[in-house]
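First up is the structure itself, then whatever we jot down about it.
The values are calculated or read from the model by the stated rules, or taken from the named source; none is laboratory data. Keep in mind that this is a model prediction, so the values were computed, not measured. Here Cβ is always computed from backbone atoms with ideal geometry, including for glycine, and neighbour counts include all displayed protein chains. We work out accessible area using only protein heavy atoms, side chains counted, and drop any ligands, DNA or RNA first. Shrake-Rupley method; radii C 1.70, N 1.55, O 1.52, S 1.80 Å.
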Amino acid sequence: MTDIDSRFAVLGARPGKIVAVHLAYASRADQRGRRPASPSYFFKPSSSLAASGASIERPAGTELLAFEGEIALIIGTPARWTTAETAWSHVAAITAANDFGLYDLRANDKGSNVRSKGGDGYTPIGPALIDAVGIDPANLRLRTWVNGELAQDDTTDGLLFSLAQIVADLSQHFTLETGDVILTGTPAGSSVVVPGDVVEVQVDAGERSTGRLRTTVVQGERAFDGTIGSLPAVDDRQRAEAWGSPEAAGLGAPAAVLTPALREKLSRVPVAALSGQLRKRGLDDVTIDGVHALSPGRRFVGTARTLRFLPHREDLFAAHGGGYNAQKRAFDTVQEGEVLVIEARGETGSGTLGDILAIRAHARGAAAIVTDGGVRDAEAVAAVGIPVFAAGAHPAVLGRRHVPWETDVAIGCGGTTVQPGDILVGDGDGVIVLPPGLAEEVADAALQQEREDAWIARQVAAGHPVDGLFPMNAQWRARYESERNA
């Protein structure tokens, strides 16, 4: 058997397709702060496969090579338009896999993962197959060790989407052929490995096991050539996601994520109440000034995804304004629950989005769009249904005033700084930016203040003067506490 054939030995042949799921486990989704409503996918080349015992190179000039232990499904019989009830019958076997990724290249992939996860040796698989017949796909165990220490331990009971659902969903879009491989996502615990580390992945189905899939990380000597393509680049957001948390990445205490519980709290708190609580904590410059909802009554809560425009310059627009520019990339990749925040420098002399882009953001589940610039096709944008807060309306296209420049960086919008991952809340009073680390504390305090204010309002409505009541003096405070605890 040749060295090339050894990469595919456990499968018996080179697979036609390797399809991978972006987010599938609840533990991983919660770690990332978002739970997708349906699975999404990317492809990996078959040349990325490797056998157990192989090594993987971390390229020169990079730092964020991360492991992801996964369960791999091997398709036995072709599947097209199968149902979730019959999908498992098309699976021949399962095995262990490791979906390595190089986060240094992820930003330029924009979700495709072609460069960040397509490298040679980036998909170790094996060492043994488990026959899919007779096993319970909802009761498989996945474990990953790094240098002998357990790093991941989860079961398929923790999946957001069952294995059968994933197979059935993919079969709606193309034929899954014999030998195709599906990587079914990774649970929490994925992190960065460095040269010298040994990563092992094992899948168990009751008493049957794949054995440990072993991969050793080595240092590569060859660096990427920036004259041919994009160079590796990392920032603190990529470091935090690669390592699993800001704390693990050495960036300090982890910032709070927008959990469903926190989102629900913030959905009940007026922006004015949040502003008051932030002011008590010394934060005055946290409102995005000059923006208003295109449709009255709109309210949103979400995490920031940023887009930056530069002032128009003809040569720069010629180079950056056409094709798949930063504006289109941002609207095409915004995630469910995110707020697309646009820096337009308060310039309303052209649109920063129109109805087509609003429809795209709405279809991807974005929570809102906030721009301190203008909106084109304003009535049509308002009719889309996604909350849009803007500084005004203008019929002109983007190139009259702006150059789409970059995404996922700190920006200035409406006079305040917005970082990717900040929490934004908007209502009829405007839009406010919450530092993630303070969000839970501020939400709880604001809810408490809202309860107090509602009680005060009832007293005023009953005829009591506001003096001593708003704010409450000691006498009124004691009465409030007595009634609250009754």
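Starting from the range 100-113, keep only residues that are within 10 Å of residue 238 (Cβ to Cβ) and hydroxyl-bearing (Ser, Thr, Tyr), then list their pairs with residues that are in a loop (DSSP other than H, G, I, E, B) and open to solvent by less than 10 Å² (accessible area, probe 1.4 Å) whose Cβ atoms are within a distance under 8 Å, requiring at least 6 positions of separation or different chains.
Within 8 Å, the pairs are 103/64.
Out of the residues in the range 133-170 meeting the condition of being open to solvent by 40 Å² or more (accessible area, probe 1.4 Å) and hydroxyl-bearing (Ser, Thr, Tyr), tell me which one is farthest from residue 91 (Cα to Cα).
155
Go through the range 417-458 and report how many residues are at pLDDT 90 or above, out of contact with any Lys or Arg (no Cβ under 9 Å at 6 or more places or on another chain) and either open to solvent by 60 Å² or more (accessible area, probe 1.4 Å) or acidic (Asp, Glu) (or both).
Adding up the residues that qualify gives 4.
Give the residue, chosen from 91, 133, that is of a type in the set (A, V, I, L, M, F, W, C), within 28 Å of residue 168 (Cβ to Cβ) and free of Cβ contacts under 8 Å to residues at least 12 places away in the same chain.
Working: 91 fails: free of Cβ contacts under 8 Å to residues at least 12 places away in the same chain.
None of the others qualify; the one that does is 133.
Specify which of the listed residues (337, 297, 323) is open to solvent by 20 Å² or more (accessible area, probe 1.4 Å), of a type outside the set (A, V, I, L, M) and farther than 24 Å from residue 378 by Cβ. Steps first, please.
Details: 337 fails: open to solvent by 20 Å² or more (accessible area, probe 1.4 Å); 297 fails: farther than 24 Å from residue 378 by Cβ.
Just one listed residue meets the conditions, 323.
Residues of the range 427-469 being closer than 30 Å to residue 388 by Cβ, assigned to a helix (DSSP H, G or I) and touching a Leu at 6+ places or on another chain (Cβ under 7 Å), which ones?
Those that are closer than 30 Å to residue 388 by Cβ, assigned to a helix (DSSP H, G or I) and touching a Leu at 6+ places or on another chain (Cβ under 7 Å): 439, 440, 442, 443, 446.
Here is a yes/no grid of residues against (1) in contact with a helix residue (DSSP H, G or I) (Cβ under 6 Å, 6 or more places away or on another chain); (2) of a type in the set (A, V, I, L, M):
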| residue | (1), (2) |
| --- | --- |
| 14 | yes, no |
| 29 | no, yes |
| 43 | no, no |
| 63 | no, no |
| 66 | yes, yes |
| 70 | no, no |
| 92 | no, yes |
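Please work out which residue is least open to solvent (accessible area, probe 1.4 Å), limiting yourself to the range 1-16 and to residues that are among the hydrophobic types (A, V, I, L, M, F, W, C) and without any contact (Cβ under 8 Å) to a residue 12 or more places away in the chain. Write out each step before concluding.
So the first thing to find is which residues in the range 1-16 are among the hydrophobic types (A, V, I, L, M, F, W, C), and the list is 1, 4, 8-11, 13.
Subsequent filtering for residues that are without any contact (Cβ under 8 Å) to a residue 12 or more places away in the chain retains 1, 4.
Values: 1: 176, 4: 98 Å².
Only one residue tops the list, namely 4.
Being within 23 Å of the chain's Cα centre (by Cα) and of a type outside the set (Val, Ile, Thr): is that true of residue 399 here?
Details: within 23 Å of the chain's Cα centre (by Cα): no; of a type outside the set (Val, Ile, Thr): yes.
Considered against the rule, which asks whether it is within 23 Å of the chain's Cα centre (by Cα) and of a type outside the set (Val, Ile, Thr), residue 399 comes out as no.
Can you pull out every residue in the range 218-236 that is within 19 Å of residue 67 (Cα to Cα) and open to solvent by 80 Å² or more (accessible area, probe 1.4 Å)?
Matches in the range 218-236: 219, 236.
Identify, by number, the condition in (1) farther than 30 Å from residue 421 by Cα; (2) outside any loop (DSSP other than H, G, I, E, B) that residue 166 doesn't meet.
For residue 166, the failing item is (1).
Among 414, 385, which is in contact with an Asp or Glu (Cβ under 9 Å, 6 or more places away or on another chain) and either without any contact (Cβ under 8 Å) to a residue 60 or more places away in the chain or surrounded by 18 or more Cβ atoms within 10 Å (Cβ to Cβ) (or both)?
Answer to the check: 414.
Every residue in the range 198-217 that is among the acidic types (Asp, Glu) and closer than 17 Å to residue 152 by Cβ, please.
So the first thing to find is which residues in the range 198-217 are among the acidic types (Asp, Glu), and the list is 200, 204, 207.
200, 204, listed by residue number.
Given the criteria under 16 Å from residue 66 (Cα atoms) and of a type in the set (A, V, I, L, M, F, W, C), does residue 142 qualify?
Values: under 16 Å from residue 66 (Cα atoms): no; of a type in the set (A, V, I, L, M, F, W, C): yes.
Taking the combined requirement at face value, the residue does not satisfy it.
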